[in-house]
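Trainee: My structure is below; once you've seen it, I'll send some questions.
The values are calculated or read from the model by the stated rules, or taken from the named source; none is laboratory data. Being a predicted model, the structure only gives us computed values, none of them experimental. Positions of Cβ are generated from backbone atoms using ideal geometry, with glycine treated the same way; all protein chains shown enter the neighbour counts.
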Amino acid sequence: MVKTEIGQLEKALNALVCRPRLIRRDYWISQIECLLARPGLSVQDRQRLRALLNLLGTPVAGCSVSLQQ
């Protein structure tokens, strides 16, 4: 279930990263932090969520952002 939620966050942020005016950073950060607070997350899931947080905190260089490993 968590993997599905992380996948949905990745898709949404990947679409929004090319349109920074549409990003409501506080909303997305709270969603990611809520998932990070869940017990029992795998190391891979934590890395994916941290990568999403980093994506929100860095300037957009281009729109070819890949979140999949």
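Trainee: Suppose we keep only residues that are outside any loop (DSSP other than H, G, I, E, B), among the β-branched types (Val, Ile, Thr) and closer than 15 Å to ALA12 by Cβ within the range 22-68. Which one would you say is modelled with the lowest pLDDT?
Mentor: Ranking the qualifying residues of the range 22-68, first place goes to ILE29.
Trainee: Now for a different question. Select from the range 1-21 the residues that are among the charged types (D, E, K, R) and in a helix (DSSP H, G or I) and list them in ascending order.
Mentor: Correct list: LYS3, GLU5, GLU10, LYS11, ARG21.
Trainee: I would also like to ask the following. ARG48 - would you say it is in contact (Cβ under 8 Å) with a residue 40 or more places away in the chain and within 12 Å of the chain's Cα centre (by Cα)?
Mentor: yes
Trainee: Keeping to the range 1-55, report how many residues are β-branched (Val, Ile, Thr) and touching a Ser or Thr at 6+ places or on another chain (Cβ under 9 Å).
Mentor: 1
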